[in-house]
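First comes the structure, then the notes that go with it.
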Amino acid sequence: MTSWQSLIRDVPDFPKPGVVFKDITPLLADPAAFGDVVTALAASGRDEFGATRVDAVAGIEARGFILAAPVALALGVGFVPVRKEGKLPAATHAVSFTLEYAEATVEVHQDAFAPGARVLVVDDVLATGGTVAATVELVRACGADVTAVAVLMELGFLGGREQIAAALDGISLTALSRV
């Protein structure tokens, strides 16, 4: 276990009974650990020589924003928020999906990405994979291409990677930690 992993705490029965929430706030409060995580996530947007190979970073609401914005800065590209339904002010594309304990819809502005743009998707947790698959669909609806997905942690016992394998065909998926 790397040092930053020890800063993620489990909160049982949140947001509902039976769910163990992965609280990343202690990690975010530690500047060295947070910096290590940003650097590691940004590596998914670089080629083997360290050059940036993406044109934008999409961050998924809400904790994905916290991680994706500094990743975008580290890569020298723009940040695009993927938000919950009804939170964006201009015309949007929307995709609905099932979470491990709820239904949800995410949206992105229709003009969020230039056609053909290469996009890195960043989020905090890959659980069942629905949010990531929906985000890939949104990026494609804008005419852009997802080149990689990077998440802080993957909840392997939920099988999200396997559930979204078809949606990620040809897209690399990196999880910094697997629980």
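Read-outs: derived from the displayed coordinates by stated rules, not from any lab. Here the structure is a predicted model, which means the values were calculated and not measured. Ideal geometry is used to build each Cβ from the backbone, glycine not excepted, and the neighbour counts take in all protein chains shown.
Relative contact order for the chain: what percent, with Cα pairs under 8 Å and sequence separation of 6 or more?
On the way: 363 pairs, mean separation 30.8, N = 179.
Averaging sequence separation for qualifying contacts and normalising by length gives 17 percent for the chain.
Grab the DSSP H runs of the chain that are 4 residues or longer, score each as -39,500 (n - 2.57), total them, divide by all residues and round the 222 nm result to the nearest 500 deg cm²/dmol. Present the calculation step by step, with values, prior to reporting the outcome.
Working: 5 runs with 46 residues, N = 179.
Only helices count here, giving -7500 deg cm²/dmol.
What does the charge dipole of region 1-110 about its Cα centre add up to, to the nearest 20 debye, if the Cβ of each Lys and Arg holds +1 and the Cβ of each Asp and Glu holds -1? Mind dumping the intermediate values first?
Values: 9 positive and 13 negative charges, 32 e Å.
Using Cβ point charges on Lys, Arg, Asp and Glu, region 1-110 gives about 160 debye.
Select from the chain the helices, each a whole stretch of DSSP H, whose alpha-carbon atoms run 18 Å or more along the helix axis and whose Kyte-Doolittle mean is at least 1.6; answer none if there are none. Each step should come with its number before you reach the end.
Working: long enough: 63-75 (19 Å, 1.82).
Taking the DSSP H segments of the chain (at least 18 Å long, mean hydropathy at least 1.6), we get 63-75.
R0 = 30 Å: FRET efficiency of F21 with F49, Cβ-based, nearest 0.05? List each step's numbers first, then the result.
Values: r = 39 Å, r/R0 = 1.29.
Step by step, r from the Cβ atoms, then E = 0.20.
Mind checking which aspartates and glutamates have their Cα closer than 12 Å to the Cα of K22? Skip sequence neighbours fewer than 8 apart in that chain.
D10, D13, D124, E154
Report ³J(HN,Hα) in whole Hz for each residue of region 145-160, in order, from the Karplus equation J = 6.51 cos²θ - 1.76 cosθ + 1.60 where θ = phi - 60°; Gly and Pro get x.
10, 7, 9, 7, 10, 10, 10, 5, 9, 10, 8, x, 5, 8, x, x
In percent, what relative contact order does region 35-109 have, based on Cα pairs under 8 Å that are 6 or more apart in sequence?
Numbers: 108 pairs, mean separation 18.3, N = 75.
With pairs under 8 Å counted, the relative contact order is 24 percent.
So how compact is region 1-150: Cα radius of gyration and Dmax in angstrom?
In Å, with Rg to one decimal and Dmax whole: 15.5, 46.
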